[in-house]
Amino acid sequence: SSLTKHYPVPKQGLFEKQHVLRAVDGISFHIAEGEIFGLVGESGCGKSTTGQLLVQLVKQTQGDILYRGRPIGGLSGSEMKSLRRDIQIVFQDPYSSLNPKKTIGWTLEEPLIIHRVGDKLTRRRIVSETLEQVGLDPDYASRYPHELSGGQKQRVGIAAALVLSPKFIVIDEAVSALDVSVQSQILNLLKELQQKRGLTYLFISHDLNVVEYISDRVGVMYLGKMVEIFEAGEAGAEPLHPYTRALFSSIPDVKKRKERTTLQGEVPSPIHPPSGCAFHPRCPLATNVCRNVVPELRRVGPGREVSCHLYEEANDKP
Ligand code: SF4
Ligand code: MG
């Protein structure tokens, strides 16, 4: 079923009716094992909330999440515990996940202690190996967060996500705060780790360039909805949804970006989303039906799903 996360909005006045913020408003997608699935969209579109739902940092209002075919809502306590090992998250700001008063070694060993992994020696070995895998000398275990550069801190953030040998990692804006040269080092590290360890990623970023570079497939979100899913890279064809086209034309690369569409206006509030297609107030191609009918995300061709009235559902077999 489709996934929804609504947050109640504090009432402004006594007689105001309760409003909800539709952070994630009925989305449905799958990520294949061993795949990097990118999630892109402007801030507030629901991509971080989607990532937090997948690691269950927040609970959905409606819908369920299937992990290896099983709804995680129905897992027993011990199954949930092993799921918490399997699924990890890397945040934009590694500062927030690093305790300034604790050494890097302590931070990396803590999850192993919580999950009762090995004895002290085994845990120290795992910490050293993981540091090496993220390109840091094992000596870094005795350092404190303030002694590290931004890139080194993000390497520690990645190591913290890796120590429990997870299968699936949500990576939320993990390179956005870094300089461009450091960004590409971290992206390449993430790609290398994914291949070596056979990991699956949900890679979240507002930066379409970065998402397209690292991902196998890309989902585009707008106001809590998935508006398009396409295959990234050379294999991928042109973007179809008018919003994806606008995102593409805002990045300086000539390929795929023939007709320029500029986004006009602001993103509307997810508390009062527009009727019909939520993109209609900003869409240059909107018609009457767009104002009244919500378009469904439909498969319109190989590897391609779009939610827009301009496109017909493909009638060939997937
Ligand atoms: Fe634009 Fe209509 Fe398509 Fe929405 S459904 S993106 S308003 S053409
Ligand atoms: Mg975010």
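Summary of computed values
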{"read-out": "Residue list for segment 221-240, restricted to those being away from ligand 1 (no atom under 16 Å from the Cβ), part of a loop (DSSP other than H, G, I, E, B) and out of contact with any helix residue (DSSP H, G or I) (no Cβ under 6 Å at 6 or more places or on another chain)", "value": "233, 234, 235, 236, 237"}
{"read-out": "Among the candidates 283, 290, residue that is farther than 30 Å from residue 216 by Cβ and crowded, with 19+ Cβ neighbours inside 10 Å", "value": "290"}
{"read-out": "The listed residue being free of Cβ contacts under 8 Å to residues at least 40 places away in the same chain, among the polar types (S, T, N, Q) and either touching a Pro at 6+ places or on another chain (Cβ under 7 Å) or surrounded by fewer than 19 Cβ atoms within 10 Å (Cβ to Cβ) (or both), out of 122, 130", "value": "122"}
{"read-out": "Selected residue [free of Cβ contacts under 8 Å to residues at least 12 places away in the same chain, among the polar types (S, T, N, Q) and farther than 23 Å from residue 186 by Cβ] from 96, 76", "value": "76"}
{"read-out": "Residue check for residue 107: crowded, with 19+ Cβ neighbours inside 10 Å and either under 30 Å from residue 178 (Cα atoms) or free of Cβ contacts under 8 Å to residues at least 12 places away in the same chain (or both)", "value": "yes"}
{"read-out": "Members of segment 43-57 found to be more than 10 Å from ligand 2 (Cβ to nearest atom) and outside any helix (DSSP H, G or I), listed by number", "value": "55, 56, 57"}
{"read-out": "Boolean, residue 136 is hydrophobic (A, V, I, L, M, F, W, C) and more than 13 Å from residue 88 (Cβ to Cβ)", "value": "yes"}
{"read-out": "Members of segment 171-220 that are assigned to a loop (DSSP other than H, G, I, E, B) and either surrounded by 22 or more Cβ atoms within 10 Å (Cβ to Cβ) or not acidic (Asp, Glu) (or both)", "value": "174, 175, 176, 177, 178, 198, 199, 206, 215"}
{"read-out": "Helices (runs of 4 or more DSSP H) (entirely within segment 74-168) containing at least 1 residues that are at pLDDT 95 or above", "value": "104-114, 120-133, 150-162"}
{"read-out": "Qualifying positions in segment 256-270 - charged (D, E, K, R) and at pLDDT 60 or above", "value": "266"}
{"read-out": "Single residue of segment 262-290 satisfying the filter (farther than 23 Å from residue 7 by Cβ and not in a loop (DSSP other than H, G, I, E, B)) that is farthest from the chain's Cα centre (by Cα)", "value": "288"}
{"read-out": "Segment 272-300 residues that are aromatic (Phe, Trp, Tyr), paired with ones that are more than 8 Å from ligand 1 (Cβ to nearest atom) (beta carbon under 8 Å, 6 or more apart)", "value": "279/222; 279/223"}
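So that you can scan it fast, the table gives a plain yes or no per residue for (1) modelled with pLDDT under 80; (2) touching a Phe, Trp or Tyr at 6+ places or on another chain (Cβ under 8 Å); (3) within 14 Å of ligand 1 (Cβ to nearest atom):
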{"position": "245", "(1), (2), (3)": "no, no, yes"}
{"position": "254", "(1), (2), (3)": "yes, no, no"}
{"position": "272", "(1), (2), (3)": "no, no, no"}
{"position": "280", "(1), (2), (3)": "no, no, yes"}
{"position": "318", "(1), (2), (3)": "yes, no, no"}
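The values are calculated or read from the model by the stated rules, or taken from the named source; none is laboratory data. Worth saying up front: this structure is predicted, and the values here are computed from it rather than measured. Heads up, the Cβs are rebuilt from the backbone with ideal geometry, glycines too, and the neighbour counts pull from every protein chain shown.
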